[in-house]
Amino acid sequence: MVVLNWRDRRHPAAGGAELYCERLARELARRGRSVVLVTSRPAGTAARESLDGYSVRRLGSWWSVYPLALLWLLRHRRSVGAVIDSQNGVPFFSPLVLGPRTPVVLLVHHVHQDLFTRALHPLAARLARWLEGPASRRVYRRRTVVVLSPSARTQVRRRLRFDGAVRVVPTGADTLGLRGERSAAPRMVVVGRLTAYKRLDSLVDAMAEVQRWLPDAELHLVGKGPARRDLEQRARAAGARVVFHGRLPDVERDELLSTAWLTVSASDGGDWAVSLVEANAAGVPALARRVSGLRDTVRHGQTGWLVDGSEDGLAEAITRALVTLADPVVAGTVSERARAWADRFTWARTADGVLQALDTERARLERQLHGHRERRTGNDLVVVLSVAQSALPEGWESLRRTNDVWVSDGTTVRALLTGADEGDVEVILARLGIRRDGPSVSVLVARHADLLGGRSLLDEPVVDLVEGVERAAASLEDQRPGGRGGRHAA
């Protein structure tokens, strides 16, 4: 089995994508698979290395690794049984050099179309968007895709317009899950690479505002990256209490994390935020913007809070959350719920999901070689379709797919569509001659919490943390500088 990724964990710019590929390779090797991770070779690293039971083959720079990896695959194609091809904006286009029976699963962490526009020169952005969009679509359109979140699945469907099966396989929670003593003062701990696209500048600015209400509040940033110097200068200029730890050993990182009241993501969205799940595993709730990826990671009112609106509301949202968490009963409840959510995510489950995706792709290739084409893409979703029976054409029963379940009470026909998503429903309704937005049609897709596995937290009795935030908001309004309560905090 070959895992293709443009960087590995020893690359100085390694992040969540590299963690995913490394842990996946390790788990597959633990199960007896022969695994090779093909990646670029930064200065000071070996061309070949064995790690945790799998092999690493490093080739070229961050851009030349793509053609060199294709040459490597071409040279070893007889011994390659399967490929996990990581698309970090640009995929490796590995199917172009492999045989028709070799399953290739495309791993998409998030769709980069908007990020390319913001981060690159217009000409470079146009090329990058073409490689991620039309070029990738030509090579991978009907192949099985693995994504980390339901938001990414939607983006792959709508933005990249891929037609094949899309399976949601999130990361494991890579943390020791230590149970330390919470700090006396309100403390936020954020773990991750310090880069501009994570919008840590807005978090530092918000911290200065939070301290107007909670003077002893503090922010700890764990990680290194190119944005550190600018963030340090910004914190000094704003008078914000921010502690920069750099990169810490795992034990020290998790010991610090376990003392936090809250972790925060100020990102504008994109991929599944593994750092927030790792914080949940340590019993720390998370606050993030209600944007793509992050809205899947945080269960609003259960394991933390999602914030609508612009940067201006971030400071107030953080302050409300910290005041709510000052209540030890609420803090204990949300902490246990955060741990329960994080317990769903293990690297064993990640490996299971990727192997299932490879099985799906292998079966598709076999059908294709024998001239058969499956009408359903084979997603990991379930859809319940309800249609007024009066809206259905005569003989509609003959249009059903045999492994779906259709029932009628004489007025309404309901169908349980396994392996279907919104795109498949559009095809079914078109075949029946019914408009998707008609008053006689109802479509229920599996909820995000269900899709990510296990029993939904929303089905359990809980302390209403949303009400807690609203109470905190009312309290803060009284204590806002210039308000009835003066400048001090509750």
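Taking every DSSP beta bridge with both residues inside the chain, roughly what % is antiparallel (nearest 5)?
Counting only bridges with both partners in the chain, antiparallel ones make up about 35 percent.
Counting other Cβ atoms within 10 Å, which trypsin sites (Lys or Arg not before Pro) in segment 268-353 have at most 14 and lie in a DSSP loop?
Sparse-neighbourhood loop trypsin sites (Lys or Arg not before Pro): 290.
For segment 208-306, what does the alpha-carbon gyration tensor say about shape, rounded, prolate or oblate, given a ≥ b ≥ c as the root eigenvalues, a/c under 1.5 as rounded, and a/b over b/c as prolate?
Rounded, because the longest to shortest axis ratio a/c is under 1.5.
Can you tell me which of 145-156, 435-446 comes out highest on packing, and rank the rest after it, using the mean Cβ neighbours within 10 Å?
145-156, 435-446
Specify whether the C-alpha gyration tensor of segment 38-125 places it in the rounded, prolate or oblate class, a ≥ b ≥ c being the square roots of the eigenvalues: rounded for a/c under 1.5, otherwise prolate if a/b is larger than b/c and oblate if not.
Since a/c reaches 1.5 but b/c is at least a/b, the shape of segment 38-125 is classed as oblate.
Would you mind classifying the chain by shape? Square roots of the alpha carbon gyration tensor eigenvalues, ordered a ≥ b ≥ c; an a/c under 1.5 is rounded, otherwise it is prolate if a/b is larger than b/c and oblate if not.
Judged from the Cα gyration tensor, the chain comes out oblate (a/c at least 1.5, b/c at or above a/b).
With Cβ to Cβ distances under 11 Å as the rule, what net charge do the other residues near residue 99 carry (K, R +1; D, E -1)?
Taking every other residue near residue 99 into account, the sum is +3.
Compute the longest continuous run of the chain that contains no exposed GluC sites (Glu not before Pro); treat a site as exposed when its DSSP state is not H, G, I, E or B and it has at most 16 other Cβ atoms within 10 Å.
With a cap of 16 other Cβ atoms within 10 Å, the longest stretch comes to 182-373.
Taking K and R as +1 and D and E as -1, what net charge do the other residues with C-beta under 11 Å from the C-beta of residue 141 add up to?
Spelling it out: positives minus negatives among the neighbours equals +4.
Report, in deg cm²/dmol and to the nearest 500, the calculated mean residue ellipticity at 222 nm for the chain, where each DSSP H run with n ≥ 4 adds -39500 (n - 2.57) and the sum is divided by the residue count.
One gets -11000 deg cm²/dmol as the mean residue ellipticity at 222 nm.
Rolling a 1.4 angstrom probe over the protein chains, ignoring ligands and nucleic acids, what is the accessible area of residue 6 in square angstrom, nearest 10?
50 Å²
Taking 7 Å along the Cα-to-C-beta vector as the label spot, tell me the residue 236-residue 55 distance in nanometres, rounded to one decimal.
With each label placed 7 Å out from Cα toward Cβ, I get 5.0 nm.
Give me the percent of DSSP beta bridges within segment 50-180 that run antiparallel, rounded to the nearest 5.
Taking every DSSP beta bridge with both residues in segment 50-180, the antiparallel ones total about 20 percent.
Any idea how far apart residue 79 and residue 326 come out in nm if each label point goes 7 Å out from Cα toward Cβ?
It is 6.4 nm.
The values are calculated or read from the model by the stated rules, or taken from the named source; none is laboratory data. Computed from a predicted structure; not experimentally measured. Glycine also receives a Cβ, built like all others from the backbone with ideal geometry; neighbour counts cover every protein chain displayed. Accessible surface areas use protein heavy atoms only, side chains included; no ligands, DNA or RNA. Shrake-Rupley method; radii C 1.70, N 1.55, O 1.52, S 1.80 Å.
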